[in-house]
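Presented below is the structure to which this report refers.
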Amino acid sequence: MKITYYGTSASEAWPALFCNCQACTLARKYGGKNIRTRSQSLIDTTLLIDFPPDTNYHAQILHLNLQAIRTLLITHSHHDHFFPYDICMRSSDFASGTSGSRLSVYGNETTEKEFREAALICGNISQFVTFRRLEPFERILTEDGYSVTALLADHNQPEKSLMYLISRKNRTLFYAHDTGIFPECTWRFLEGQKLDFVSLDCTALSRNWQRGHMGFDAVDAVRKRLTEMNCIGPGTLLTLNHFAHFGNFTHDRICEIENPKGYQVAYDGCSYEF
Ligand SMILES: [Zn+2]
Ligand SMILES: [Zn+2]
Ligand SMILES: [Zn+2]
């Protein structure tokens, strides 16, 4: 299995729109891996996670091939993960070559409602996109052969924000964005799972956030509990993602702190095979 990260920032991007803080000033100065866009990841070539306003940029500049996508998983309704109007660009009014196949979109009740509202601008979208609502702990088998289970995140209550456990050919990835330290019902579900790759929310960096999002300390607490539960081991790849423009952090500074602890630090365009 392979994951490619196209967007690795928190909601305001990094450098953030309108922002002149130290972290954003450093990102503009150094560029490269310090330029982070809004959240989106690709599993192999056909399974996409989230659809932010930066999707168009990911397609035009970072070569995300949207034509190949069969399945789209939405984590939650925050705008940095979900811009439904651009999903409607798959209709024949706006795109050619999409006839004869439907994109299957999965998300929670809130995202379903927002998708249906956006679809009103586009009369025939149901021929090109189907939306199916998922409840926490529901498992589906996608048409491209992935077993996907939605897990409940600690984020933006009362919306049921979803994390995803994705398996194919004996490899399992756990995509944990956006979330604080997981709810107990999710910990119970994770018992007995063997995880080959874990992508963890690290929005808060050195700030000690435990709820809604995580920082370095909360991520360590999650790793400790996953280790004690035998869900992860020495062979598991652990990646941090979804960073906010805090303090005087740069990509290299985050790596200096977190690489020695065994975490990879995601950046826009990076990929991992496992
Ligand atoms: Zn987010
Ligand atoms: Zn800033
Ligand atoms: Zn969010």
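The values are calculated or read from the model by the stated rules, or taken from the named source; none is laboratory data. Just so you know, these numbers come straight off a predicted model, no measurement behind them. Positions of Cβ are backbone-derived with ideal geometry, glycine not excepted, and every protein chain shown enters the neighbour counts.
Looking at residue 156 and the list (1) of a type outside the set (A, V, I, L, M, F, W, C); (2) surrounded by 19 or more Cβ atoms within 10 Å (Cβ to Cβ); (3) on the phi > 0 side of the Ramachandran plot, which single condition is not satisfied?
Among (1) of a type outside the set (A, V, I, L, M, F, W, C); (2) surrounded by 19 or more Cβ atoms within 10 Å (Cβ to Cβ); (3) on the phi > 0 side of the Ramachandran plot, the lone unmet condition for residue 156 is (2).
Find the residue count for the stretch 56-83, including only residues that are buried (at least 22 other Cβ atoms within 10 Å of the Cβ) and within 16 Å of ligand 3 (Cβ to nearest atom).
Adding up the residues that qualify gives 7.
Give me a count of the residues in the stretch 33-67 that are in contact with a strand residue (DSSP E or B) (Cβ under 9 Å, 6 or more places away or on another chain) and more than 20 Å from residue 12 (Cα to Cα).
Of the residues in the stretch 33-67, 10 are in contact with a strand residue (DSSP E or B) (Cβ under 9 Å, 6 or more places away or on another chain) and more than 20 Å from residue 12 (Cα to Cα).
Kindly establish whether residue 187 is within 16 Å of ligand 1 (Cβ to nearest atom), hydrophobic (A, V, I, L, M, F, W, C) and at pLDDT 95 or above. Let's see the steps before the verdict.
Numbers: within 16 Å of ligand 1 (Cβ to nearest atom): no; hydrophobic (A, V, I, L, M, F, W, C): yes; at pLDDT 95 or above: yes.
It is false that residue 187 is within 16 Å of ligand 1 (Cβ to nearest atom), hydrophobic (A, V, I, L, M, F, W, C) and at pLDDT 95 or above.
Looking at (1) under 14 Å from the mean Cα position of the chain (by Cα); (2) over 20 Å from residue 240 (Cβ atoms); (3) of a type in the set (A, V, I, L, M), which is the only condition residue 69 fails?
Only one criterion is unmet by residue 69, namely (1).
Limited to the stretch 193-220, what total is found for residues that are in contact (Cβ under 8 Å) with a residue 12 or more places away in the chain and either among the charged types (D, E, K, R) or part of a loop (DSSP other than H, G, I, E, B) (or both)?
Residues that pass the stated criteria total 19.
Looking only at the stretch 141-159, count every residue that is more than 16 Å from ligand 3 (Cβ to nearest atom) and out of contact with any helix residue (DSSP H, G or I) (no Cβ under 8 Å at 6 or more places or on another chain) and tell me the total.
Residues meeting the conditions: 8.
Quick grid of which residues meet (1) at positive phi; (2) away from ligand 1 (no atom under 16 Å from the Cβ); (3) not hydroxyl-bearing (Ser, Thr, Tyr):
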{"position": "8", "(1), (2), (3)": "no, no, no"}
{"position": "41", "(1), (2), (3)": "no, no, no"}
{"position": "44", "(1), (2), (3)": "yes, yes, yes"}
{"position": "90", "(1), (2), (3)": "no, yes, yes"}
{"position": "115", "(1), (2), (3)": "no, yes, yes"}
{"position": "118", "(1), (2), (3)": "no, yes, yes"}
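Considering only residues of the stretch 155-182 that are among the charged types (D, E, K, R), more than 12 Å from ligand 1 (Cβ to nearest atom) and in a loop (DSSP other than H, G, I, E, B), which is farthest from residue 133 (Cα to Cα)? I'd like the intermediate steps shown before the answer.
Start the filter on the stretch 155-182 by keeping residues that are among the charged types (D, E, K, R), which leaves 159-160, 168-169, 171, 178.
Then keep just the ones that are more than 12 Å from ligand 1 (Cβ to nearest atom); that gives 159-160, 168-169, 171.
Narrowing the set further to residues that are in a loop (DSSP other than H, G, I, E, B) leaves 159-160, 169.
Working: 159: 13, 160: 11, 169: 25 Å.
So, considering only residues that are among the charged types (D, E, K, R), more than 12 Å from ligand 1 (Cβ to nearest atom) and in a loop (DSSP other than H, G, I, E, B), the one farthest from residue 133 (Cα to Cα) is 169.
Can you name every one of the helices (runs of 4 or more DSSP H) wholly within the stretch 1-112 that holds 1 or more residues which are within 16 Å of ligand 2 (Cβ to nearest atom)?
22-30
Of the numbered conditions (1) away from ligand 3 (no atom under 15 Å from the Cβ); (2) crowded, with 23+ Cβ neighbours inside 10 Å, residue 193 satisfies every one except a single condition; which is it?
Here residue 193 meets the rest and fails (2).
Return the residues of the stretch 118-134 that are surrounded by fewer than 18 Cβ atoms within 10 Å (Cβ to Cβ) and either within 16 Å of residue 50 (Cβ to Cβ) or at pLDDT 95 or above (or both); say none if nothing qualifies.
118, 130, 132, 133
How many residues, within the stretch 140-154, are farther than 18 Å from residue 111 by Cα and assigned to a strand (DSSP E or B)?
So the count comes out to 2.
Taking the stretch 160-190 on its own, how many of its residues are within 16 Å of ligand 3 (Cβ to nearest atom), in contact (Cβ under 8 Å) with a residue 60 or more places away in the chain and within 17 Å of residue 219 (Cβ to Cβ)?
Adding up the residues that qualify gives 4.
Away from ligand 1 (no atom under 16 Å from the Cβ), on the phi < 0 side of the Ramachandran plot and surrounded by 17 or more Cβ atoms within 10 Å (Cβ to Cβ): does that describe residue 246?
When the stated conditions are applied, residue 246 does not pass them.
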